[in-house]
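Trainee: First the structure, which I've put down as structure tokens, then a few questions once you've had a look.
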Amino acid sequence: MKATKVIKIGIVGLGAAAQAFLPSFDKHPMVQLVGVCDPNGAVNDQVQLLQGVSYYASLEAMLQGQAEMDAVYIATPTDLHVSHALQAMQAGKHVLVEKPMANTLSDALKMVQVAKQTGTLLMVGHSHSYDRPILEMKKLIDSGDLGAVQMVNTWCYTDWMYRPRREEELDHRLGGGVTYRQGAHQFDIIRYLCSGLARSVRAKTFNMDPQRSGIGAHSVFIDFEGGASATAIYNGYAGFSTMDMGFDISEWGFEEPWGVRKWLQKPLNAMSASEELKAKRDRAKGAIPHQAPFQPFFGVTLVSCELGDIRQTPRGLLICKRNSRQEMVLSTELSPRDLVVKELYDSLSQGLKPAHSGEWGAANLEICEVAIESSLQRKEISLRHQVSL
Ligand SMILES: NC(=O)c1ccc[n+]([C@@H]2O[C@H](COP(=O)([O-])OP(=O)(O)OC[C@H]3O[C@@H](n4cnc5c(N)ncnc54)[C@H](O)[C@@H]3O)[C@@H](O)[C@H]2O)c1
């Protein structure tokens, strides 16, 4: 699985998520985008503007047309991830797959098994544990200066339910709704900071708007081996914004004070499915900007260790001990997606297992699945697929 040459990569599905990766593929000197496949013919017009990149209408055609391609990045709707990943790995291609990696834990484990059988790398990303403040929180925890991590509380209040969407995006059976789509980020952050070994979950999910049915909010408690615990709160109903607690900094690191927030222009429930899909496609190109002036803020994450607490600031981290407060300023030179591409390249070139491996992504996914089940059953549920960092 070692690669010492330029890695040629193809994109499967050039929608909102994949648009955001284009600058990062372009920026990495050892990664070259060579193909894009997407059955939406309009994507071809955009691909024509990308030098040295060929358009294909299907993954099958791209695999046939690009025999030299080393890896694919899969950013198709979540319910298609398993079939696309299996197809690519069986053709000998390494896979970077978007989060959540599949709809079900059993599909995710199938992907992990096929990666092993074919000797290909399976990685899951982007997710917000690649945000520089989260990576640095982890380093601070590991340094031991603040004692053992005890609690991680992450709160995110957004307009997720009212952004333009494909219909499946609100259906949790297809990997939709906030517990799969946004919980996948939160559980990844929490597990990353608590070193992975989550043991049980108790959760409550909420479907608050009959005009826009789907899981739009959750409250999840996660207990870890070793004594730490965490809460993930998400509310996607466009009321309160965590930007109001997070210095007006958006998910992608831009200043968005009340009044200029784009989420004030909600898509209306009166839109037809095809109008909404068009609105989603129109929004996709600028939805996730690349270089940002501030650190990305996926809600507010507060870490409590035995000897102090850590939280984000617009420029980095605030470390609060009993008698001191210190701000650590962090670089914004590499975006979170630059860091995903770096991890992919480093893993392939050095033959290393990435932190965000298939097994890791499957464990995040199990929490999404179990959180919904815990809410239905109104009880705590033990996790089966435990993976440490
Ligand atoms: N990491 C993040 O921050 C982030 C952000 C948004 C979405 N996502 C994830 O990315 C995935 C896609 O979400 P999205 O919002 O970009 O969706 P999208 O609808 O904007 O994009 C999906 C693209 O896949 C294409 N597609 C559909 N069937 C295909 C096929 N058989 N072969 C090739 N292409 C096909 C569609 O035409 C579309 O262009 C989801 O899993 C979602 O959870 C991640």
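The values are calculated or read from the model by the stated rules, or taken from the named source; none is laboratory data. Remember, it's a predicted structure, so these values are computed and weren't measured experimentally. All Cβ positions, glycine included, derive from the backbone under ideal geometry; neighbour counts span all protein chains shown.
Trainee: Counting only residues that are touching a Cys at 6+ places or on another chain (Cβ under 7 Å) and among the aliphatic types (A, V, I, L, M), how many does region 214-232 have?
Mentor: 2
Trainee: Give the number of residues within region 171-185 that are in a helix (DSSP H, G or I) and either modelled with pLDDT under 95 or surrounded by fewer than 19 Cβ atoms within 10 Å (Cβ to Cβ) (or both).
Mentor: Selection size over region 171-185: 2.
Trainee: Of these, 110, 116, 138, which one is assigned to a helix (DSSP H, G or I), touching a residue at least 24 places away in the same chain (Cβ under 8 Å), surrounded by fewer than 19 Cβ atoms within 10 Å (Cβ to Cβ) and charged (D, E, K, R)?
Mentor: Of 110, 116, 138, the one residue that is assigned to a helix (DSSP H, G or I), touching a residue at least 24 places away in the same chain (Cβ under 8 Å), surrounded by fewer than 19 Cβ atoms within 10 Å (Cβ to Cβ) and charged (D, E, K, R) is 110.
Yes/no per residue for (1) surrounded by fewer than 15 Cβ atoms within 10 Å (Cβ to Cβ); (2) of a type in the set (Ser, Thr, Tyr); (3) part of a strand (DSSP E or B):
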| position | (1), (2), (3) |
| --- | --- |
| 317 | no, no, yes |
| 325 | yes, no, yes |
| 337 | no, no, no |
| 340 | no, no, no |
| 349 | no, yes, no |
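Trainee: Taking the residues in region 73-107 that are of a type outside the set (Phe, Trp, Tyr) and either part of a strand (DSSP E or B) or assigned by TED's automatic domain parsing to the domain that holds residue 298 (or both) as candidates, determine which candidate is farthest from the ligand (Cβ to nearest atom).
Mentor: Among residues in region 73-107 that are of a type outside the set (Phe, Trp, Tyr) and either part of a strand (DSSP E or B) or assigned by TED's automatic domain parsing to the domain that holds residue 298 (or both), the one farthest from the ligand (Cβ to nearest atom) is 94.
Trainee: In region 119-135, how many residues are hydroxyl-bearing (Ser, Thr, Tyr), within 16 Å of the ligand (Cβ to nearest atom) and outside any helix (DSSP H, G or I)?
Mentor: 1
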